[in-house]
Amino acid sequence: MKKLSLYAVILFASIFFVQCKNETKETAKKVTNNTFLKAPEGFSVQEIGTELGKVRHLTVAENGDVYANRSTLKDGKSIIVLKDKNNDGTIDEQQEFSDVPGTGILANRDYLYASSNSGVYRYKMNENSEIIDTTNPELIVEGLIDMGRDNAKPFVIDNENNLYVTIGSWNDACRDPETKEGMIPCIILDSAAGIWRFNADKLGQTFADGTRYVTGLKNAVGITWNFKTNSLFVTDHGRGGLSNFYPEVFTEKQNNELPSETFYELKENDNAGWPSTYYDHQKNKRVLAPEYGGDGEKISDEKFVEPIVGFPAHLGPNDVLFYTGDMFPERYKNGAFIAMHNQSSELDKGFFVAFVPFKNGKPSGDWEIFLDNFAGIDASIPDDTLKHRPCGLAQGPDGALYVGDDFGGSIFKITF
């Protein structure tokens, strides 16, 4: 009987231990993600800001302050900064300034740079990475064309202080409004649908002071400089309206699935092929646009730069960031995170942050979904609506990843 009692005690103790262990695991799971977002195992997601308005691109200063630019004013201000004053991981101070809405924002060396829909300006920062005067920014470049559509001016600065600014096209396919045919030549390319280079240290520049660095990009909202490869990378939005304007050539299904959203590495004087061509990720080739004699099959005889990745149509890649931190697992090192702002009919999915693995400066595998469920839509609820749309990305000094949402107005911090 004594032996049986001992066995029983051991048995019950084992069961109790396993239950406690499982409960601890479950508790840990709940603790690591206090949001609705879905991240890979081991990652924690924290919502550090809510109801912030239409926050577009993000940047993190050397002191850890998180800045966001808004596309529309909230409480009369466009730029917001979130501060963790005591370094306990919780935002305890929020400041707002600037009355000029925009998209781009970048803490770089001794300045905070930001863009409106027609220019770029900057604020001087002190040795503690704090802005000295939030009321008197210095104007770097103004007079960039703003026609109201695809008018954001995202930008990046390289290691030689060259400033690269996207100027998107306001015409989806350089289509003549009367004939519905493509303009030849496409006069829009003279002042838009590309990336222009300016001097980040020179004040008072205008469009005329810039140099067209690359052309043939409809609207490259995602733009970054890769300091490992010393080159420019962008994500470009594809055109639309294939079956709308050419129903005799394209089906509605093709219209929903084509053309690709594209990811490029670009060199000076590259041409990405807009408007006369578009990239078809299903065929893995570049084809002629219908406005220029295309039927979905004809190949252009001109030489254009090819994308390094072709994503399904309409995902809306709105920002790109190469991860250089040491916090995340090694497989993420030097890979690219991309904020997908919209939804793909082909995937029947959207509103997520994608990841493209890189090796030796080139994509080294299939892209994947890294952070999901921004939409937050529950199919079981008939009237459930879209909750969030990822738009901006930034990396903190400690290697944390930040994601901004211009629909729900949240900023998320992802750690490992």
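The values are calculated or read from the model by the stated rules, or taken from the named source; none is laboratory data. Being a predicted model, the structure only gives us computed values, none of them experimental. Methodologically, a virtual Cβ is constructed for each residue, glycine included, from the backbone with ideal geometry; neighbour enumeration extends over all protein chains shown.
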May I ask you to list the residues in segment 78-114 that are among the hydrophobic types (A, V, I, L, M, F, W, C) and either modelled with pLDDT under 95 or in contact with a Ser or Thr (Cβ under 8 Å, 6 or more places away or on another chain) (or both)?
ILE79, ILE91, PHE97, VAL100, ILE105, LEU106, ALA107, LEU112, ALA114
Looking only at segment 379-393, decide whether some residue is assigned to a strand (DSSP E or B) and touching a Ser or Thr at 6+ places or on another chain (Cβ under 7 Å).
no
Output the number of residues of segment 156-176 satisfying the condition of being in a strand (DSSP E or B) and more than 24 Å from LEU288 (Cβ to Cβ).
8
Scan segment 196-210 and give yes if some residue there is in the same structural domain as ASN342 (by TED's automatic domain parsing), under 21 Å from PRO317 (Cβ atoms) and modelled with pLDDT of 95 or more, otherwise no.
yes
Name the residue that is surrounded by the most Cβ atoms within 10 Å (Cβ to Cβ), counting only residues in segment 177-214 that are assigned to a helix (DSSP H, G or I) and among the aliphatic types (A, V, I, L, M).
ILE188
Quick one: which of LEU386, LEU393 is buried (at least 23 other Cβ atoms within 10 Å of the Cβ) and touching a Phe, Trp or Tyr at 6+ places or on another chain (Cβ under 7 Å)?
LEU393
